[in-house]
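Readers should treat all values here as calculations from the given coordinates under stated rules, not as data from a laboratory. None of the values given here were measured: they were computed from a predicted structure. As a convention, Cβ positions derive from the backbone with ideal geometry for all residues, glycine included, and neighbour counts pool all protein chains shown.
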Amino acid sequence: MSLVDEPGVGDPRLRSLYEDIAAAGLRPLWTITEQLLTPTPRPRAVPWLWRSAVLRPLAERAIRLVPVERGGERRVLSLANPGLGGRPYAAGTLWGALQCLGPNETAPAHRHTPGAIRFVIEGEGVWTTVDGDACDMRPGDLILTPGGAWHDHANGGDGSMFWFDGLDLPMVEALDAVFFEPHPDLRQPVTGPHNRSEAAWAGGGGDAARTMTRGAVTRALDPAPSPLLVYRWAETDAHLSRLAAAGEGPLVSVEFTNPHSGASVLPTLSCGMHRVLPGGASAPVRRSGNTVFVVFRGEGSSVVDGCRFDWTAGDMFVVPSWSVAEHFSDGGADLFGLGDAPVLRALGLYREETLPRRQEVTGVFGEGTAA
Ligand code: GTQ
Ligand code: FE2
């Protein structure tokens, strides 16, 4: 006989106990423990793909119809993962979006505690000013706007520009630490020549080995953001080519790093570039933490938890925490990846596993039941 007087399921005393517990603002762990303490992460975000063929025309329509000015501020289409119940987040921890600016437009200056990165997809003529340092943006470049830094985007060219925005907004929101402030002026003053963080780094003997580390996830941690605010495509491309020539592959990965500490570019966000060599197939890997990928060049496919996602340049897709992912490309492809790895590392939550076997493909995203 146990100490507990175990009543049957239909017992009215039990029902009224549960009612009284709920009414008192309490929950009995014994009824929810399996939902909470899952054997492995169970992200609500699902693997998902947003196609450039859909994103791009919508952004172009928005350029024609929606002005960028105080009030609306930024012309941004955020990736809304269907697993997140309508919330505007790509994954539980990550904001991912397509931002665009037409000729001579400016996205008004402001600052906020969430940190952001930009990865340029297409166009020219835009610079993002970060605390007075105007950073010119060209396709394939990575630009940082660390949390707390004043920033605005200005298009001085005569064409439209499109880039990917990644933010740690869902993490900062979960920590109840979102602060936002508009700048008194539309554009903050540019306080010297353009690209000063880059010039300072180059002047100090800038060396790609310090701004990019081989592999997907650096171990170094730094509570401060990188003082280098721009990572140029020409250097990324050359570095990936060197690694490929040195026999790495079929997937060659670099993470962009803070050249002073070797840590991820922001305390909350990691950014990397992944080159799938022609005919290449990467190993099936899963990691704790979410990743948003942006296809920069080429086409190919990724198998995520058994579902095949076929992608081409400009597409964006999400690999949620602990989903198994492997990447393929016949002609070769370059994928930009944004992740939350530094947060998981800092908190002792990072795990990574390579599976012994290729996944069986059980569906194709966008076809039938798979999507
Ligand atoms: O460009 O400053 O996608 O503040 C979301 C929030 C972009 C930006 C986003 C932002 C920005
Ligand atoms: Fe912003």
Quick one: order Ile143, Ile21 by neighbouring beta-carbon count within 10 Å, fewest to most.
-> Ile21, Ile143
Counting all Cα-Cα pairs in the chain, those more than 35 Å apart amount in percent to 28
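Shape call for the stretch 191-315 from the C-alpha gyration tensor, a ≥ b ≥ c root eigenvalues: rounded (a/c under 1.5), prolate (a/b greater than b/c) or oblate? Please list the in-between numbers first.
Details: a/c = 1.94, a/b = 1.67, b/c = 1.16.
Prolate.
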Note to self: C-alpha centroids of the stretch 182-216 and the stretch 114-156 sit apart, in Å, by 10
Most mobile listed residue (Val172, Val217, Val254) in the chain, GNM with C-alpha springs under 10 Å = Val172
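Are there trypsin sites (Lys or Arg not before Pro) in the stretch 279-371 that DSSP puts in a loop and that have at most 15 other Cβ atoms within 10 Å, and which ones? Provide the component values of the computation, followed by the final result.
On the way: sites: Arg286, Arg287, Arg297, Arg308, Arg345, Arg351, Arg357, Arg358; in loops: Arg351, Arg357, Arg358.
The qualifying sites are Arg351, Arg357, Arg358.
Loop only per DSSP, at most 13 neighbouring Cβ atoms within 10 Å: give me the chymotrypsin sites (Phe, Trp or Tyr not before Pro) in the stretch 152-195, ordered by residue number. Intermediate values should be presented prior to the final figure.
Working: sites: Phe162, Trp163, Phe164, Phe179, Phe180; in loops: Phe179.
Here the chymotrypsin sites (Phe, Trp or Tyr not before Pro) that fit, given the DSSP loop and packing criteria, are Phe179.
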To the nearest 500 deg cm²/dmol, what mean residue ellipticity at 222 nm is calculated for the chain from DSSP H runs of n ≥ 4 alone, each contributing -39,500 (n - 2.57), summed and divided by the residues?
-> -5500 deg cm²/dmol
For the stretch 19-98 and the stretch 253-312, compute the distance between their C-alpha centroids and round to whole Å.
-> 21
